[in-house]
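Read through the structure below, which is laid out as C-alpha cells, and then see the notes.
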Amino acid sequence: MNFKEYVELQRSKVFSTILAYMPIKEPAEHYRIVRDYSERQGSYRRPGLLMLSGQMFGASADDLLLPGAAMQLSEDWILIHDDVEDNSEMRRGKAALHKLYGNEIAINAGDAAHMMMWQILKDYILRAGLQKGNAIYNKFYEMLECTVEGQYLDTNFIYNIRNLRKASEALYYSIIESKTCYYTVYGPMQLGAMVAGQGSAMMDTIREIGSPAGRAFQIVDDILDMTADEKSFGKKRFGDLYEGKITLIMLHAYKNSTDAEKERIDSIFVKSRSQKSEEDINFLREMVEKYRSLDYARETAERYGHIARQTIDRNRSKLPNNEYTEVMLSAVEELYLRKK
C-alpha cells in the first residue's frame with residue numbers, strides 16, 4: 001500500500017465526519033455554500049499524514065478521526081479566504097467560491113467553516129480527555145498561528161511591496177516554512193503522533209524530516225503552477241505570475257536578468273492581477289525559460305527531497321517497524337515526486 005491508497009481508505013470517513021458538522025439547515029443556501037469546498041474534496045494529503053503518523057505510532061483510526069476531520073476542514077476554510085485574497089479563478093477544478101457568490105458571501109462561508117473546525121476540536125477534547133485534548137488543541141492553534149503569519153508575509157509582498165528587488169530566497173523560505181512545511185507536512189504528522197502519545201523528542205524528529213520535505217513540496221507546487229495541466233492541477237496555469245507571488249522560479253530569473261529586463265519585470269510585478277496582460281505573463285515566462293529557472297527549481301526540490309529521505313534513514317531507528325512506516329516513506333516521496 002502506498003500513501004495515495006492509504007488516503008483513499010480514510011477519505012470517506014473523514015469526509016462524512018466533516019459533513020456531520022455541516023448539516024443543511026436554515027438559511028439553507030448559506031450552508032450549501034459553506035459546504036461547497038468541502039464537497040469538492042481536495043487531495044486529503046494533510047489528514048492523510050495526520051492519521052498515517054498516528055497509526056504508525058499505535059493510535060487507532062477512530063481516535064484520529066476528529067483531528068483528521070479538523071485538519072481537512074482547516075484547509076477548506078483557509079482556501080476560501082486565500083482565494084479571495086489572491087483573487088484566484090479556480091479551485092479544485094471549478095470556479096473559486098468568490099467568483100460564484102462574491103467576496104462577502106465567500107468570506108462569510110469561510111468564517112462559518114472555521115467555527116465548525118474549532119467545534120470538532122472541542123468535541124475531541126471531550127472525547128480524549130482534558131490533558132491530551134488540550135495538547136492537541138494548543139498544537140493546532142500554534143500551527144494555524146504560524147500559517148497566518150506566513151500568509152501575512154506572502155500577502156504583504158503581493159499587495160504592498162510588489163518588488164522583487166526587495167525579495168530574497170530567505171523571505172521565500174520564511175513564507176513556505178510557515179505555510180507549507182509546518183501546516184502541510186510536519187504539523188499534521190506531529191498531531192497524529194501526539195494522539196498516539198508521543199512526546200517532544202519525537203516532535204523534533206518529525207520536524208527535522210518534515211521541513212525539507214515541505215520545502216520540496218512547495219517548490220514542486222510552484223513548478224506545477226507553470227507546467228501542469230489545469231484539469232489535473234485544479235487551478236489555472238500561471239496563477240503565481242498573475243498574482244505576483246514570490247517563487248524560487250521568479251527569484252532565480254530576476255537575479256540573472258539584465259538591468260533592462262529587471263526594469264520590465266518590476267513594471268509587471270507592480271500591477272494587480274487584473275491589470276496584468278497576456279503579454280506581461282508571456283514576458284515573465286520568457287525570462288524563466290531564458291535563464292532555465294524551472295531547471296534550477298527542479299534541482300532545488302530534488303535536493304530537499306534527498307535531504308528529507310536521508311533524514312528519515314538517519315532517524316529510522318526511532319520510528320516503529322510496521323506497515324505504516326513504509327507508507328510514510330512513500331508519503332514523503334510523494335510530496336516532491338507528485339504530478340499534481
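Between helix 293-314 and the chain there is an angle of about 20 degrees, using the helix long axis and the longest principal axis of the Cα atoms. Here's the picture: charge each Lys and Arg Cβ at +1 and each Asp and Glu Cβ at -1 in the stretch 279-340, and of 293, 317, 335 the one pushed furthest to the positive end of that dipole is 317. Relative to the Cα centre, the charge distribution of the stretch 125-271, modelled as +1 at Lys and Arg Cβ and -1 at Asp and Glu Cβ, gives a dipole magnitude of about 260 debye.
Relative to the longest principal axis of the Cα atoms of the chain, the long axis of helix 3-20 makes an angle of roughly 70 degrees.
Inter-part distance, the stretch 160-217 to the stretch 268-293, computed on C-alpha centroids, equals 29 Å. A 29 angstrom limit on the alpha carbon distance is what I want to check against. Which of 132/245; 245/290; 179/318 exceed it? Beyond 29 Å: 132/245. Shape class of the stretch 176-294 from the Cα gyration tensor (axes a ≥ b ≥ c, square roots of the eigenvalues): prolate, since a/c reaches 1.5 or more and a/b is larger than b/c. One decimal place: the segment residue 314-residue 145 gains 57.8 nm when fully extended, by the rule 0.36 nm per residue minus the C-alpha distance. Segment residue 200..residue 111, full-extension length gain: 28.8 nm, with 0.36 nm per residue of separation and the alpha-carbon distance subtracted. The mean sequence separation of alpha-carbon pairs under 8 Å and at least six residues apart, normalised by the residue count of the chain, gives a relative contact order of 21 percent.
Cβ-to-Cβ counts within 10 Å put 222, 313, 295 in ascending order as 313, 295, 222, the fewest first. What value, in deg cm²/dmol to 500, does the helix sum -39500 (n - 2.57) over DSSP H runs of n ≥ 4 give at 222 nm once divided by the residues of the chain? Here the helix-only value at 222 nm equals -24000 deg cm²/dmol. In order along the stretch 22-28, the phi-based Karplus estimate (6.51 cos²θ - 1.76 cosθ + 1.60, θ = phi - 60°) of 3J(HN,Hα) comes to 10, x, 7, 9, 6, x, 4 Hz; Gly and Pro are listed as x.
Structure note, pairs 139/262; 99/271; 25/94; 25/271: Cα-Cα distances above 31 angstrom occur for 139/262; 25/271.
Taking amide H positions as placed 1.01 Å from N in the peptide plane, with prolines and chain starts having none, which residues 5 or more places from residue 236, or on another chain, fall under 5 Å of its amide H? Amide H to amide H, under 5 Å and 5 or more residues apart or across chains, residue 236 pairs with 89, 90. Dipole magnitude for the stretch 3-337: about 300 debye, using +1 per Lys or Arg Cβ and -1 per Asp or Glu Cβ, origin at the Cα centre.
Computed from the coordinates by the stated procedures, all read-outs in this text should not be read as laboratory data. Everything numeric in this text was worked out from a predicted model, so none of it was measured. We place every Cβ from the backbone using ideal geometry, glycine too, and count neighbours over all the protein chains shown.
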